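What follows is a short report on a single structure.
The values are calculated or read from the model by the stated rules, or taken from the named source; none is laboratory data. None of these values were measured; they are calculated from a predicted model. Note: ideal-geometry Cβ built from the backbone for every residue, glycine included; neighbour counts use all protein chains shown.
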Amino acid sequence: MNRRDTLKALAALPLLHGTRLYAAPEAGSRLLLVFMRGGYDAASLLVPTNNAFYAESRPNIGIGSPGSGEGAARPLDADWGLHPALADSLLPLYERKQIAFIPFAGTEDLSRSHFETQNSIELGQSLEGSRDYRSGFLNRLATVLGGERAQAGAFTRQLPLVLRGKLEVPNIALTSPRQAAADERQRSLIEGMYAGTPLAGAVGESYLLRADARAALEKEMQEADAGAISAAGLEGETRRIATLMRDRFHLGFVDVGGWDTHVNQGNAQGVLANRLGTLGRALAGFAEGMGPRWKDTVVVVISEFGRTFCENGNKGTDHGHGTVYWVLGGGIDGGRIAGEQVRVAHETLHQDRDYPLLNEYRSVLGGLFGRMYGLDAKRLGTVFGDAPPQELRLV
């Protein structure tokens, strides 16, 4: 019997905690799903430490192993470290055992398309056969839970696919700071300096090429973000979300854009570090804002896919496969790296480029929801079809 058959067989059994049936919690439990749209670079967040292959693969964007300097990863265990931008926000939660990381997680979708993979994950349905685009997995979860625990809301401009379905779910738009426009005055001054010289044409052409390249990158990032709020915008809205989750909603969803880092993503400092740091502070602020409710709250942070393990020629990373999920909460069994793992090496990469998929997202979430809500195999099947729940004992 292979691993998948074994898991399917186990799915038919009651969910056990030790030798007793895991009881459903009180109606006060909260679940917030955070979607990092754009496919963030998980190998910068959760760093394979003391790993020569990692250092060779990322000469410009790699994060140093613990003890290698100010910008080094913060040690989590013998094999993994945390991006230093999260040292003041998520590391304290990890030390309090209120956050766990699940590497090599994600979907079996191999399209590497933001749009297709985001849809696949939000639907939570099998990739085989026809799919119902009117039914997202969080709406199905709310339907299964029913009653007070079914109060769901989306902190998004439009109702996301994950919350579409039988139940009526409201969406509440959040604000996001706008980026400053390009400085046309500087461009005019520079072009004026070269006007009437042999270089005038080259300068003008360089600006056009630069504008075209920026427009192409911005278009892809906008498509990847799907209208999601920025990490900076989320940080500013943390208290509002916490208030709504405390007082009104039991299930919530928010998406955060800006993670499609093809060019100059940086290492311990730079674009990615800034966004990770901002998101970390937002989540730490959410934990604080939940007050006593934090002990009954679970936050799951996901992305559509990871990114290539080796950096590209633009000191960035391209669309990959396996990624790292985060699970936070005041009552979780955290302070650990959970799920199936493998030593990061060239021979363990997927298609010689990406993290492999060892922890399928429907199984991971199914196992978590089963323990959170005391759901049996039949009700979990309503949410995630035939995906067997993976028992990680996170709650």
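Considering 382, 297, which residue is surrounded by fewer than 17 Cβ atoms within 10 Å (Cβ to Cβ), touching a residue at least 40 places away in the same chain (Cβ under 8 Å) and more than 21 Å from residue 47 (Cα to Cα)?
Being surrounded by fewer than 17 Cβ atoms within 10 Å (Cβ to Cβ), touching a residue at least 40 places away in the same chain (Cβ under 8 Å) and more than 21 Å from residue 47 (Cα to Cα) holds for just one of 382, 297, which is 382.
If you go through the stretch 117-148 one residue at a time, how many are assigned to a loop (DSSP other than H, G, I, E, B) and either in contact with a helix residue (DSSP H, G or I) (Cβ under 7 Å, 6 or more places away or on another chain) or of a type outside the set (Lys, Arg) (or both)?
13
Select from the stretch 326-350 the residues that are closer than 30 Å to residue 285 by Cα and over 20 Å from the mean Cα position of the chain (by Cα) and list them in ascending order.
Across the stretch 326-350, the qualifying residue is only 331.
Looking only at residues in the stretch 76-103 that are among the aliphatic types (A, V, I, L, M) and over 25 Å from residue 271 (Cβ atoms), which one is surrounded by the fewest Cβ atoms within 10 Å (Cβ to Cβ)?
The extreme case among them is 78.
What's the total number of residues in the stretch 319-329 that are buried (at least 22 other Cβ atoms within 10 Å of the Cβ) and either over 22 Å from residue 121 (Cβ atoms) or not β-branched (Val, Ile, Thr) (or both)?
Of the residues in the stretch 319-329, 7 are buried (at least 22 other Cβ atoms within 10 Å of the Cβ) and either over 22 Å from residue 121 (Cβ atoms) or not β-branched (Val, Ile, Thr) (or both).
Could you look through the stretch 300-318, keep only residues that are of a type in the set (Gly, Ala, Ser) and farther than 18 Å from residue 82 by Cα, and pick out the one that is surrounded by the most Cβ atoms within 10 Å (Cβ to Cβ)?
Within the stretch 300-318, the match that is surrounded by the most Cβ atoms within 10 Å (Cβ to Cβ) is 316.
Is one or more of the residues making up the stretch 330-347 surrounded by 23 or more Cβ atoms within 10 Å (Cβ to Cβ) and basic (Lys, Arg)?
No, that holds for no residue.
Kindly indicate whether residue 221 is assigned to a helix (DSSP H, G or I) and modelled with pLDDT under 85.
yes
Quick check: is even one residue across the stretch 50-69 of a type in the set (Asp, Glu) and outside any helix (DSSP H, G or I)?
There is no residue in the stretch 50-69 that is of a type in the set (Asp, Glu) and outside any helix (DSSP H, G or I).
List the number of the failed condition for residue 70; all other conditions in (1) at pLDDT 95 or above; (2) farther than 23 Å from residue 259 by Cβ; (3) of a type in the set (Asp, Glu) hold.
Result: residue 70 passes all but (1).
Which members of the stretch 227-248 meet the condition of being within 17 Å of residue 275 (Cα to Cα) and either at pLDDT below 80 or outside any helix (DSSP H, G or I) (or both)?
Matches in the stretch 227-248: 227, 228, 229, 230.
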